[in-house]
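Presented below is the structure to which this report refers.
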Amino acid sequence: MTALLDALRRSVGADHVLAGGDLTGYEQDWRKRARGRALAVARPADTGEVAAVVRACAAHGATIVPQGGNTSLSVGSVPDGSGAQVVLSLKRLNRVRAIDGANLAVTVEAGCILQALQAAAHEAGFLFPLSLAAEGSCTIGGNLASNAGGTQVLRYGNARELCLGLEVVTPQGEVWDGLNSLRKDNTGYDLRDLFIGSEGTLGVITAATMKLYPLPAVQLTAWAAVPTMQAAVDLLGLAHRHLGAGLTGFEVMGRFALGLVRRHYPQLRVPLLEDAPWCVLLENSDHESEAHARAQFERLLHAALESGCASDAVVAESLAQARHLWRLRESIPLAQAEEGLNIKHDIGVPVSRMPAFVAETGALLAREIPGVRLVTFGHLGDGNLHYNVQAPEGVDAARFLREQEARINTLVFDAVARHQGTISAEHGIGSLKAALLPRYKSPVALRLMRAIKQALDPQGIMNPGRVLE
């Protein structure tokens, strides 16, 4: 592989080809579920250098693992253990190229950190609404490759809905410049949507044109205790009727999930924790005034208390209070990690079926695995639940994962299928769920996906073993 390493050094400069030494940050996934070994890490500075790296790998028959912030939760962005793969890091492609205010659009490179894009948009007087817990380290390219969701999907949609155009390096090392900012372009197959959500298996996203929105005049946050999951669904319906498009966040959190936050971060006060088995976090973005937004919230919460779908509620009185409430929600995954290794599920079911899914699946797991602990939280507004499973108290977590993960996945995913849902709502398939996909995906859909993969990447060099085995 010396010839390939020499070609990579010519492509991006010797200082930006890492081979040997400690490559943990590139070779180990975020959750520490997998550790691979790379032949090298190539760090191009622009699209031309990305294309040169891809051409070099194609010429030498080396497979490529595109990587942004390496925050994948489905083991989709680290090399395998062969020591023969090239990790293609996009971190140096991190510029915001242009903001077009009249067109409400921004063109940004794939390695730009999501939080940096949010800040650039805000400084220009606009909102870029994609928001998720990893926004301080995840990148736009990774967000698009996994079709990231986050907390504002019910108003603004997933990454796919926020994207107007792409720039992509193909597996042959050609550059497709699809960076248009048009809202309407009916000139054939939608190549943009083909690459979004493909997890780096069809090409390398190097830049994107994304939608911007006017900044709201005010954002208010409320926290409500609800007696059942059905009550949470009823509250969501009330919120849609009272807030309309102003409803930009609706998160549900189980008592045990919030209890982990209280246990591991005692400095964070969790309101209404003992009042009900579920809490809901709501966000109202208003383009009129704070007084108008607060009056809407008060009418909504009054109706919720009157109907019984909420037992108590509080509205944040300041930005600091609002940030505290959101920090509680975002601390759940961190608290779960502190509790020990766990089995994560990123499932989606129709909102109307969520109460039945939660009741039936919880009872099934409790019966099959006595003492199992469910860390349940997520984006109820768009039907996406992080239905995570923690080992029973006192049970070795690593052993629990080894012995029970496959069985628990089958129990949970079969229940998802019975409720007409998906085994991955926003995290992607990666390598973690690739073997499971044939059980839950239509054979026709899989044949079409394999045909597309073969047509675009006949050498099979782009992120092999991800999405499709």
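The values are calculated or read from the model by the stated rules, or taken from the named source; none is laboratory data. As the structure is a computational prediction, the values presented were derived from the model and not from experiment. Note that we place each Cβ from the backbone using ideal geometry, even for glycine, and neighbour counts take in every protein chain shown.
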Looking at Asn94, is it of a type outside the set (A, V, I, L, M, F, W, C) and at positive phi? no
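Residues are listed down the side, and each one gets a yes or a no for (1) buried (at least 18 other Cβ atoms within 10 Å of the Cβ); (2) within 30 Å of Arg241 (Cβ to Cβ); (3) out of contact with any Phe, Trp or Tyr (no Cβ under 8 Å at 6 or more places or on another chain):
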| site | (1), (2), (3) |
| --- | --- |
| Gly125 | no, no, yes |
| Ile140 | yes, no, yes |
| Asn147 | yes, yes, yes |
| Arg155 | yes, yes, yes |
| Leu166 | yes, no, no |
| Leu182 | no, no, yes |
| Leu212 | yes, yes, no |
| Ala217 | no, yes, yes |
Does the range 453-466 contain at least one residue that is touching a Lys or Arg at 6+ places or on another chain (Cβ under 6 Å) and in contact (Cβ under 8 Å) with a residue 60 or more places away in the chain? no
From the list Leu39, Leu4, exactly one residue is assigned to a strand (DSSP E or B), farther than 24 Å from Leu166 by Cβ and more than 22 Å from the chain's Cα centre (by Cα). Which is it? Leu39
How many residues does the range 365-411 hold that are part of a helix (DSSP H, G or I), in contact (Cβ under 8 Å) with a residue 40 or more places away in the chain and within 22 Å of Lys32 (Cβ to Cβ)? 8
Only one of these conditions is not met by Leu88: (1) part of a loop (DSSP other than H, G, I, E, B); (2) closer than 16 Å to Tyr26 by Cβ; (3) not charged (D, E, K, R). Which number is it? (1)
Filtering the range 172-189 down to residues that are within 25 Å of the chain's Cα centre (by Cα) and among the small types (Gly, Ala, Ser), which residue is farthest from Gly460 (Cα to Cα)? Ser181
With the first residue restricted to the range 306-317 and required to be more than 11 Å from Cys279 (Cα to Cα), and the second required to be hydroxyl-bearing (Ser, Thr, Tyr) and modelled with pLDDT of 95 or more, Cβ contacts under 6 Å at 6 or more apart or on different chains are Ala316/Thr221
Within the range 330-364, how many residues are among the β-branched types (Val, Ile, Thr) and part of a strand (DSSP E or B)? 2
Yes/no for Pro350 being surrounded by fewer than 16 Cβ atoms within 10 Å (Cβ to Cβ), within 27 Å of the chain's Cα centre (by Cα) and on the phi < 0 side of the Ramachandran plot: yes
Residues satisfying the stated conditions in the range 223-239, i.e. crowded, with 24+ Cβ neighbours inside 10 Å and part of a strand (DSSP E or B): Trp223, Ala224, Val226
Among residues of the range 237-288, those that are without any contact (Cβ under 8 Å) to a residue 24 or more places away in the chain and of a type outside the set (Lys, Arg), counted: 8
Leading residue by the ranking (nearest to Lys91 (Cα to Cα)) among those in the range 46-69 that are in a loop (DSSP other than H, G, I, E, B) and touching a Leu at 6+ places or on another chain (Cβ under 7 Å): Gly68
Expected output for the range 91-104 (first residue within 22 Å of Gly25 (Cβ to Cβ) and modelled with pLDDT of 95 or more, partner small (Gly, Ala, Ser) and in a loop (DSSP other than H, G, I, E, B), Cβ below 6 Å, 6+ apart or cross-chain) is Lys91/Gly111; Arg92/Ala45; Leu93/Ala110; Leu93/Gly111; Asn94/Gly111
Restricting attention to the range 255-265, which residues are surrounded by 23 or more Cβ atoms within 10 Å (Cβ to Cβ) and touching a Ser or Thr at 6+ places or on another chain (Cβ under 7 Å)? Ala257, Val261
Some residue of the range 128-135 being part of a loop (DSSP other than H, G, I, E, B) and in contact with an Asp or Glu (Cβ under 6 Å, 6 or more places away or on another chain): yes
What's the total number of residues in the range 65-108 that are more than 20 Å from the chain's Cα centre (by Cα) and of a type in the set (Gly, Ala, Ser)? 8
If you go through the range 312-323 one residue at a time, do you hit one that is basic (Lys, Arg), at pLDDT below 95 and under 30 Å from the mean Cα position of the chain (by Cα)? yes
